[in-house]
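The structure appears below as structure tokens.
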Amino acid sequence: MSGKKLTINDLGEFGFIARFSRCFTRNLPGGVLGIGDDCAVLPWKGDLKLLVTTDLLVDGVHFLSEKISPQDLGYKALAVNLSDIAAMGGRPRWAFLSIAIPPGTRIDWLDDFFRGWRQLEKKTGVRLLGGDTTRSKAGFVVNVAVLGEVRAKNLKLRSTARPGDVVTVTGTLGDSEGGLRLILRESENGRPGPEEKFLLRRHYRPHPHLEEGQFLSSQPGVRAMIDVSDGIDSDLRRIIERSGCGIEVYLEKLPVSPALEKCCAKYGWNLEEVAAAGGEDYCLLLTVAPEKFPELAGKFYRRFKRQLAAIGRVTDRKNQLIYLRHQKPVTPGKTGFDHFK
Ligand SMILES: [Mg+2]
């Protein structure tokens with residue numbers, strides 16, 4: 001690198017956080033958890049902890065304003081933040097919304113944005129308390145912050161996985177990536193069939209797994225938890241890094257929807273790649289003590305009528321994410337979505 005100035009492209013998102021977070025995580029007061037998990041954690045009242053998360057959505061990077069409806073954008077901007085509260089086992093309480101709006105934006109666009117937001121607000125009980133509004137010269141920018149709460153004993157972190165734990169997910173993987181691929185090839189598509197509609201909906205209206213997170217965090221044996229925002233390839237690496245462990249993933253066990261299977265066959269997508277590296281599913285990814293897993297999976301099924309699929313195992317091989325297909329190691333062709341590269 002001699003003579004060449006580093007740019008943000010060289011660092012990538014992981015490198016950026018590693019470089020600049022160091023001085024902000026040292027010497028925090030007792031009971032405060034700063035940068036490094038899905039939410040910051042602060043002391044709150046009684047046996048409750050306060051959770052704080054924020055997410056930035058930029059037109060052209062995280063969404064395409066000419067493709068997504070304003071209702072879906074309003075819904076999704078809140079959903080992605082609620083998913084981080086879910087990952088800690090928490091309950092969302094308050095939200096703040098800051099939005100940069102291009103001049104000439106129609107008021108009915110904004111009405112629809114807030115209609116979408118309100119639909120999810122009503123379902124989850126979160127209340128909007130404030131934010132900021134400004135003019136934008138380059139597309140919409142939406143920043144949401146959500147505050148939530150969790151009982152201290154139910155708080156789940158990324159840093160508590162242990163070798164031998166079962167790795168599992170609360171939903172199907174790759175649906176949102178499938179939806180995104182359909183959006184990007186839209187000009188070539190005819191009218192969307194039921195499978196296409198399913199994947200598009202999963203992309204535009206992600207369901208934050210709040211009930212699942214609250215249920216799982218109260219169960220014995222649940223150790224580390226994170227939400228699937230960038231794809232399990234990236235999100236498993238976050239658990240590995242924070243827990244100082246390794247993980248092996250069984251590719252043939254990744255849960256995929258029938259709609260995704262059909263679209264992969266129809267459009268020639270690699271199903272394993274879409275499931276392992278596709279982002280924005282917003283289900284939960286967790287590790288569970290092996291002796292507790294069968295009972296937990298049974299309870300989860302009775303409550304949510306979905307399988308808790310065991311997709312891998314935590315190992316003591318530090319920093320190693322290994323993919324196996326029927327017990328044989330394989331190298332995936334693509335890693336998760338990195339925001340700066
Ligand atoms: Mg997250």
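So the values come out like this:
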| read-out | value |
| --- | --- |
| Length-normalised contact order for the chain - Cα pairs under 8 Å, 6+ apart - percent | 22 |
| Surface/4 of the Cα convex hull for region 166-330, nm² | 9.7 |
| Cα gyration tensor, region 233-341 - rounded (a/c under 1.5), prolate or oblate | oblate |
| Ellipticity estimate at 222 nm from DSSP helix runs (n ≥ 4, -39,500 (n - 2.57)) divided over the chain, nearest 500 | -11500 deg cm²/dmol |
| Span-like helix ranges in the chain, DSSP H, alpha carbon extent 20 angstrom or more, Kyte mean at least 1.0 | none |
| Cα gyration tensor category, rounded, prolate or oblate, for region 8-154 with a/c compared to 1.5 | oblate |
| Fully extended contour minus Cα-Cα distance, from L184 to L129, at 0.36 nm per residue | 16.3 nm |
| Sum of side-chain charges, L128 neighbourhood, beta-carbon under 10 Å (Lys, Arg +1; Asp, Glu -1) | +1 |
| Length-normalised contact order of region 2-116 in % [C-alpha pairs under 8 Å, at least 6 apart] | 21 |
| For peptides 244-254, 271-281, sequence by mean Cβ density within 10 Å, most packed first | 271-281, 244-254 |
| Region 211-274-region 98-169 distance, computed between alpha-carbon centres (Å) | 21 |
| Those aspartates and glutamates that a straight Cα-Cα span of less than 16 Å connects to K292, excepting residues fewer than 8 apart in one chain | D165 |
| Chain lengthening between R201 and V61 when straightened (0.36 nm per residue, less Cα-Cα) | 48.5 nm |
| Shape of region 161-231, Cα gyration tensor, a/c cut at 1.5 | prolate |
| Debye-sum result for region 39-97 in log10 I(q)/I(0), which assumes one identical scatterer on each alpha carbon, at q = 0.18, 0.28 Å⁻¹ | -0.68, -1.19 |
| Residues of type lysines that K76 reaches as a straight line, Cα spacing below 23 Å, ignoring anything fewer than 8 places off in the same chain | K67, K122, K123, K137, K197 |
| The chain - Rg over Rh from alpha carbon coordinates, Kirkwood radius | 0.96 |
| Potential extension, Q320-F24 segment - 0.36 nm per residue separation minus Cα distance | 103.8 nm |
| Surrounding net charge for D316, when Lys and Arg each add one and Asp and Glu each subtract one, Cβ distance under 14 Å | +2 |
| Local net charge near D165, Cβ-Cβ under 10 Å (Lys/Arg +1, Asp/Glu -1) | +4 |
| Hits among lysines - C-alpha to C-alpha of K328 under 16 Å, sequence gap 8 or more where chains match | K253 |
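Every read-out reported here was derived from the displayed coordinates using simple, explicitly stated rules and does not represent laboratory data. All values reported here derive from a predicted model rather than from experimental measurement. Note: ideal-geometry Cβ built from the backbone for every residue, glycine included; neighbour counts use all protein chains shown.
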